[in-house]
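Down below is the structure, laid out as structure tokens.
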Amino acid sequence: MAKDPNNVTEMARQSRPIDITDPYDPGWVEGKIILITGGASGFGEGFFNKWADHGANVIIGDISDAQGEALVEGARKRTGNKNHHYIHCDVTSWESQVKFFREAVRLSPTGGIDAVVANAGISDGPPMFDEVPSNLDSLEIPPAPPYRCLQVNLIGVMYTAQLAMFYLARNPTPTKAAENASLQPKPNTRDRHLLLVGSIASLGPIPGQVQYCASKHAVLGLFRSLRSSSFLNGIRINMVLPYFIDTPLIPTSGRLILAGGGFGKPEDVVDAGTRLMADTRIVGRALAIGPKIRVDEDWQLLDPDSTRGTESAVWETHAEDFVEVEVFTRRFIGALNQLERVRGWYGFALDCLVAFGYPLRRLLGR
Ligand SMILES: NC(=O)c1ccc[n+]([C@@H]2O[C@H](COP(=O)([O-])OP(=O)(O)OC[C@H]3O[C@@H](n4cnc5c(N)ncnc54)[C@H](O)[C@@H]3O)[C@@H](O)[C@H]2O)c1
């Protein structure tokens, strides 16, 4: 059949929508050299452990030095692989990220980098964007706002993506994503993969989290524009968009605001990211991750024990054009609201209890 010259999907080598029920082998990551920013905690820690355990060589860049070093030491002992490393990296500093990438190349057993995960992120902290200063009357001019969240979540991610473009394109003996699409992945093959970490805040608003939302919308914009040209350098780009997930990113106040809804599980995010990392046939796709729900074809929530519909915690967002994104968002949020209604007051009270107990759980390291 003749190729459609106007088909952007084809031109950008975007792969077909992901069937989450398709099996994949996490062992396909074996031998890859993978860099993770913000790899010392939460999803980054989950990715690190899973990929290290499946034979990848993983290098973490973070500002939590003690945590990152302990993690690497544990994985080296567990796997016997000395090619896992921790390197101090503050993603808000270009120099710090350049040092991270250069050092990673120096330490890499192949001399190259196969994959980069732009994962480091923080939530919006005080003063909030729309907060009016208490000393308003005495102020002549508004104080300069501290844009820490934008610095980490947007500028930091842009730096990481920029450096990924530079170093992935130099990876020796690569298999170009474009030529790779129909091949069954296997371990110990070179790759050029950038995995972006967005959020459900990339698709919809979170009241009060203005900087966070703006930064995560921007990461989606980065994904959507970059994936349409990165194939020129044989680089494949994918993205995960987690809903609220139980990691240290969500403080007690956030947990209380979310009480009664449904939290997602870090292991589902790690599983979705591992599929994208391991299966080199996946190009230009985005997976949203939330609490496991069963929905019918109209995204109406079904009983978890129902034999109808689809049950999953991971959903392809089809974030390929504006219309699809909007339709997906409406359905997904609708299903989550239904979940909240089903869980009712009991769910709300239970989550409040768990949220108040959260500092204690952290203190006890559980
Ligand atoms: N947890 C959620 O509900 C959720 C939902 C959607 C998206 N996300 C995104 O997932 C990513 C990981 O978050 P998490 O939930 O695992 O949180 P986390 O707090 O457990 O991990 C974030 C990591 O980033 C590191 N970091 C922070 N500032 C940094 C900097 N300047 N330079 C380098 N590293 C830095 C932290 O030290 C930490 O190790 C973030 O981008 C976050 O926005 C999280």
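Once the other residues with Cβ under 15 Å from the Cβ of T37 are scored (Lys, Arg +1; Asp, Glu -1), what is the net sum? Its environment carries a net charge of -4.
Rg/Rh, computed from the Cα trace of the stretch 82-208 with Rh as the Kirkwood radius, has the value 1.12. Three semi-axes describe the equivalent ellipsoid of the stretch 110-154; taken as square roots of 5 times the Cα gyration tensor eigenvalues and ordered largest first, they are 38, 10, 5 Å. The DSSP beta bridges internal to the chain are antiparallel in roughly 20% of cases. Candidate cross-link partners of K99 among the aspartates and glutamates, defined by an alpha-carbon separation under 16 Å and a same-chain spacing of 8 or more, comprise D62, D65, D90.
Considering only I113, I257, I63, the Gaussian network model of the chain with Cα springs below 10 Å gives its largest mean-square fluctuation to I257.
Its residues counted as N, the stretch 213-366 yields a C-alpha radius of gyration over 2.2 N^0.38 Å of 1.16. Taking a sphere under 10 Å around the Cβ of T280 and counting the other residues whose Cβ falls inside, with K and R at +1 and D and E at -1, yields a net charge of +3. Among D19, D305, D246, the largest mean-square fluctuation in a Gaussian network model of the chain (Cα springs under 10 Å) belongs to D305. Here the Gaussian network model covers the chain, with springs between Cα atoms less than 10 Å apart; of S202, S41, S225, S225 fluctuates the most. Look at where the Cα atoms of the stretch 52-95 and of the stretch 189-260 average out, and the two centres are 22 Å apart. Over all other residues within a Cβ to Cβ distance under 11 Å of I60, the charged ones net out to -4, with Lys and Arg as +1 and Asp and Glu as -1. Size descriptors for the stretch 64-140, from the alpha-carbon set: Rg then Dmax equal 19.5, 63 Å. In the chain the Cα-Cα distances spread across 10 Å bins starting at 0 as 5, 23, 33, 25, 11, 2, 0, 0 percent of all pairs. Taking 0.36 nm per residue of separation and subtracting the Cα-Cα distance, full extension of the segment from Q162 to Q300 would add 45.6 nm.
Where a ≥ b ≥ c are the square roots of the eigenvalues of the C-alpha gyration tensor, would you call the stretch 227-296 rounded, which needs a/c under 1.5, or, failing that, prolate if a/b is larger than b/c, or oblate? Prolate, since a/c reaches 1.5 and a/b exceeds b/c. Legend: Rg and Dmax of the stretch 12-138, from Cα coordinates, 18.4, 63 Å. Listed by Cβ neighbour count within 10 Å, with the fewest neighbours leading, S199, S138 appear as S138, S199.
Taken together, the values in this text are just the output of simple stated rules run on the coordinates, not laboratory data. Just so you know, these numbers come straight off a predicted model, no measurement behind them. Glycine gets a Cβ as well: all are built from the backbone with ideal geometry, and neighbour counts include every protein chain shown.
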